There are 2 protein chains.
Amino acid sequence: MASLFQSLKPPYYSVIFTSILKQAHDGYTEMAQQMEKLASQQPGYLGMDSVRNTEGMGITVSYWKDETSIIAWKNNLIHLEAQKLGREKWYQQYSLHITRVERAYHSSEPNT
Amino acid sequence: MASLFQSLKPPYYSVIFTSILKQAHDGYTEMAQQMEKLASQQPGYLGMDSVRNTEGMGITVSYWKDETSIIAWKNNLIHLEAQKLGREKWYQQYSLHITRVERAYHSSEPNT
């Protein structure tokens, strides 16, 4: 469920994860897909948008009901293992921003 | 200046712009580059990360000192014209989230 297609009423929370992959990142894609699925099953999960370009730079924004949901997801045991692999093997560089969504706007419908 | 390389102390603000381009989007790339440059010259601008994939989905996150800076940028006359073109010509769909950054973490240095 992508945030593009939601119209939830703020406030809620978002996690902005920006990263650059190393040239060699075996196993990353499979783990990313697994984490996306696992995140979507967590309490308080509202949606996610994820984009990576051909140079290996990516932005993933996940949306959550509250900060408690974010902390629970951060401390999920399978997710902790993925975070460790990311730091050690896959990411050249990354940043993480925990934010409170104050206002949200969506285009009314697909404009083809 | 990308947010990856910053270590500013929260709170500050971010604008998360998620979009899907139409197949035909003549003039979009040039305008996006011009807007990125213009944004970086606005008062309160802190940084920007932008990624678009080959399917036309993009996420741009810009970071700002406060909400006043975001409103001033939204109402910049050249930017207003670009927003109008985006809605009418370039974007199939988009969402915009105005958020307050509560916490931020950065990898210590490039991990090659």
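The values are calculated or read from the model by the stated rules, or taken from the named source; none is laboratory data. Since the structure is predicted, the reported quantities are computational estimates derived from the model, not experimental observations. In this analysis, Cβ positions are derived from the backbone assuming ideal geometry, glycine residues included, and neighbour counts consider all displayed protein chains.
Brief remarks follow.
- Residues that are in contact with an Asp or Glu (Cβ under 8 Å, 6 or more places away or on another chain) and among the hydrophobic types (A, V, I, L, M, F, W, C), drawn from the range B:59-75: B:I59, B:V61
- Filtered by the rule that a residue be of a type in the set (A, V, I, L, M, F, W, C) and either within 13 Å of chain A (Cβ to nearest Cβ) or in contact (Cβ under 8 Å) with a residue 24 or more places away in the chain (or both), the range B:72-83 gives B:A72, B:W73, B:I78, B:A82.
- Verdict on B:T60 being within 14 Å of chain A (Cβ to nearest Cβ), in a helix (DSSP H, G or I) and touching a residue at least 24 places away in the same chain (Cβ under 8 Å): no
- When residues of the range A:64-112 are limited to those that are within 18 Å of A:A32 (Cβ to Cβ) and among the acidic types (D, E), the one modelled with the lowest pLDDT: A:E88
- Only a single criterion out of (1) of a type in the set (G, A, S); (2) surrounded by 19 or more Cβ atoms within 10 Å (Cβ to Cβ); (3) within 11 Å of chain A (Cβ to nearest Cβ) is not satisfied by B:S69, namely (3).
- The range B:74-90, residues that are surrounded by 14 or more Cβ atoms within 10 Å (Cβ to Cβ) and outside any helix (DSSP H, G or I): B:N76
- Filtered residue count, the range B:54-101, keeping only those that are among the basic types (K, R) and over 27 Å from A:N53 (Cα atoms): 1
- Within the range B:29-50, residues that are loosely packed, with under 13 Cβ neighbours inside 10 Å have Cβ atoms under 9 Å from residues that are among the small types (G, A, S) in these pairs: B:P43/B:S69; B:P43/B:A72, counting only partners at least 6 apart in sequence or on another chain.
- Qualifying residue in the range A:14-22 (condition: more than 28 Å from B:M48 (Cβ to Cβ) and within 12 Å of chain B (Cβ to nearest Cβ)): no
- Pairs, first more than 7 Å from every other protein chain (Cβ to nearest Cβ) in the range A:84-112, second modelled with pLDDT of 95 or more, C-beta under 7 Å, six or more apart: A:L85/A:M31; A:W90/A:L21; A:W90/A:K22; A:W90/A:Y28
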